[in-house]
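*Asks:* Dropping the structure in here first, questions after.
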Amino acid sequence: MKRINNDKVREWALEVLNIESKALRDLRNQIDKEFIKAVRILSSCEGRIVVTGMGKAGIIGQKFSATLSSTGSSSFWLHAAEAVHGDLGRIKEDDVVCVLSYSGETEEIRNLVPFVKKIGAKIVAITGNIRSSLAKYANSTIDVKVKKEACPLGLAPTTSTTAMLAVCDAIAVCLQNMKGFREKDFAFFHPRGSLGRKLLLRVKDIMRKGRFNPIISENSIVKDALVKITSSHAGAASVVNKEKKLVGIFTDGDLRRGLERDAGILGRKMRNVMTKNPTVVRDDDLASEALKVMESKKIDEVPVVDKNFRIVGMLDVQDLIAAGII
């Protein structure tokens, strides 16, 4: 391999980006009645959106199908070559088959589309050749023709696949908006993603409870409280009255501040050293909302109460980190 200076590498990269960005700008003129028709067909699909293709277009198709599924449109990917060897049975009459093929003349695609028509499913074609065999069979054809590939040989699919991907994203977003698909819906389909955790995870799902939630009577002495806090591997304890209602919290900070004022603090009763009327969160609160409360109050632990103000847990900032909320 010959030595190439950095300026030349940068020049090549910028040329690719310029070619592809220009193609995307030009593509706006191809968002026409046929595009709208295709979106309408897909939005009215009573079955599933089947996405198929070959080669690089097929890879774009796989991403398109995944995007549809995650934004509220039931979809699955079907390999065009496998379809005519038995997988055709996965297509039903009420499905819409979205076929990606830049040339529209790929042998596997030409073999497949007549059988899709025979099943009765509608076809949406995404192609760079609106006069192709594929386009002739399609109920709607979206034109993604580009002037040139970014590949210097003009052979490797580069600009054409970028255009295809952009149009597929545009379709998916249109369908998402038409369905009224919102953050909470997205979170439902992504429960282990960061957004899913923030929108679905509640305080009760991650709070410390049982033996990890130290609860101390207001009449207990500090020494006993420290033993319980230590055995619970906690940094604070909730303090309750004789009715088991929360009246305070005792933290490491309370202990340090108390020692500065009173060397005999270990023998004092909790009601005299605790922080009274502490900030609390509800067990049904979103964990992300609890985080906002803790940040605004600049606290690392917060007692968790139920609707009757009974202490049911303790939320520590470390629990939020472990759950991926932070």
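*Asks:* If you take the residues of the stretch 33-49 that are crowded, with 16+ Cβ neighbours inside 10 Å and within 12 Å of Ala125 (Cα to Cα), which of them is farthest from the chain's Cα centre (by Cα)?
*Replies:* Glu34
*Asks:* Do you know which residues across the stretch 1-25 are in contact (Cβ under 8 Å) with a residue 12 or more places away in the chain and either exposed (fewer than 14 other Cβ atoms within 10 Å of the Cβ) or touching a Cys at 6+ places or on another chain (Cβ under 8 Å) (or both)?
*Replies:* Passing the criteria: only Glu15.
*Asks:* If you don't mind, another one. Determine, yes or no, whether Ser73 is under 14 Å from Arg48 (Cβ atoms), in a helix (DSSP H, G or I) and under 33 Å from the mean Cα position of the chain (by Cα).
*Replies:* In short, no.
*Asks:* Quick one: in the stretch 210-234, which of the residues that are surrounded by fewer than 17 Cβ atoms within 10 Å (Cβ to Cβ) and within 17 Å of Val317 (Cβ to Cβ) is modelled with the lowest pLDDT?
*Replies:* Ranking the qualifying residues of the stretch 210-234, first place goes to His233.
*Asks:* Now for a different question. Can you pull out every residue in the stretch 31-58 that is assigned to a helix (DSSP H, G or I), in contact with a helix residue (DSSP H, G or I) (Cβ under 8 Å, 6 or more places away or on another chain) and farther than 16 Å from Thr141 by Cβ?
*Replies:* Within the stretch 31-58, Ser43, Lys56, Gly58 meet the criteria.
*Asks:* Taking the stretch 282-326, which residues are among the hydrophobic types (A, V, I, L, M, F, W, C), in a loop (DSSP other than H, G, I, E, B) and modelled with pLDDT of 85 or more? Steps first, answer last, please.
*Replies:* So the first thing to find is which residues in the stretch 282-326 are among the hydrophobic types (A, V, I, L, M, F, W, C), and the list is 286-287, 290-291, 293-294, 299, 302, 304-305, 309, 311-312, 314-315, 317, 320-323, 325-326.
When the remaining residues are screened for being in a loop (DSSP other than H, G, I, E, B), the result is 299, 309, 323, 325-326.
Ile299 - this is the single residue of the stretch 282-326 that is among the hydrophobic types (A, V, I, L, M, F, W, C), in a loop (DSSP other than H, G, I, E, B) and modelled with pLDDT of 85 or more.
*Asks:* Let me ask you something else. If I filter the stretch 271-278 for residues that are more than 14 Å from Leu315 (Cα to Cα), in contact (Cβ under 8 Å) with a residue 24 or more places away in the chain, surrounded by 20 or more Cβ atoms within 10 Å (Cβ to Cβ) and out of contact with any Pro (no Cβ under 8 Å at 6 or more places or on another chain), do I get at least one hit?
*Replies:* Residues of the stretch 271-278 that are more than 14 Å from Leu315 (Cα to Cα), as a first pass: 271-277.
Now drop any that are not in contact (Cβ under 8 Å) with a residue 24 or more places away in the chain, which leaves 271, 273-277.
With surrounded by 20 or more Cβ atoms within 10 Å (Cβ to Cβ) added as a condition, the list becomes 273-274.
Subsequent filtering for residues that are out of contact with any Pro (no Cβ under 8 Å at 6 or more places or on another chain) retains 273-274.
For the stretch 271-278, residues more than 14 Å from Leu315 (Cα to Cα), in contact (Cβ under 8 Å) with a residue 24 or more places away in the chain, surrounded by 20 or more Cβ atoms within 10 Å (Cβ to Cβ) and out of contact with any Pro (no Cβ under 8 Å at 6 or more places or on another chain): present.
*Asks:* Follow-up question, since we're still on this one. Of everything in the stretch 77-96, what is closer than 19 Å to Ala125 by Cβ, surrounded by fewer than 17 Cβ atoms within 10 Å (Cβ to Cβ) and modelled with pLDDT under 90? Give them in sequence order.
*Replies:* Those that are closer than 19 Å to Ala125 by Cβ, surrounded by fewer than 17 Cβ atoms within 10 Å (Cβ to Cβ) and modelled with pLDDT under 90: Val84, Leu88.
*Asks:* Out of curiosity, is Leu259 hydrophobic (A, V, I, L, M, F, W, C), assigned to a helix (DSSP H, G or I) and more than 22 Å from Arg208 (Cβ to Cβ)? Give the steps one after another, and end with the answer.
*Replies:* Numbers: hydrophobic (A, V, I, L, M, F, W, C): yes; assigned to a helix (DSSP H, G or I): yes; more than 22 Å from Arg208 (Cβ to Cβ): yes.
So Leu259 passes the test.
*Asks:* Tell me which residues, restricted to the stretch 76-111, are within 26 Å of Thr159 (Cα to Cα), in contact with a strand residue (DSSP E or B) (Cβ under 7 Å, 6 or more places away or on another chain) and aliphatic (A, V, I, L, M).
*Replies:* Leu78, Ala80, Val97, Val99, Leu100, Ile109
*Asks:* Search the stretch 216-232 for residues that are within 18 Å of Lys244 (Cα to Cα) and in contact (Cβ under 8 Å) with a residue 12 or more places away in the chain and pair each with any residue that is surrounded by fewer than 17 Cβ atoms within 10 Å (Cβ to Cβ) and aromatic (Phe, Trp, Tyr) when their beta-carbon atoms are under 7 Å apart and the residues are at least 6 apart or on different chains.
*Replies:* none
The values are calculated or read from the model by the stated rules, or taken from the named source; none is laboratory data. Computed from a prediction, not measured in an experiment: that's the story for all the values here. Every residue, glycine among them, receives a Cβ derived from its backbone with ideal geometry; neighbour counts consider all protein chains shown.
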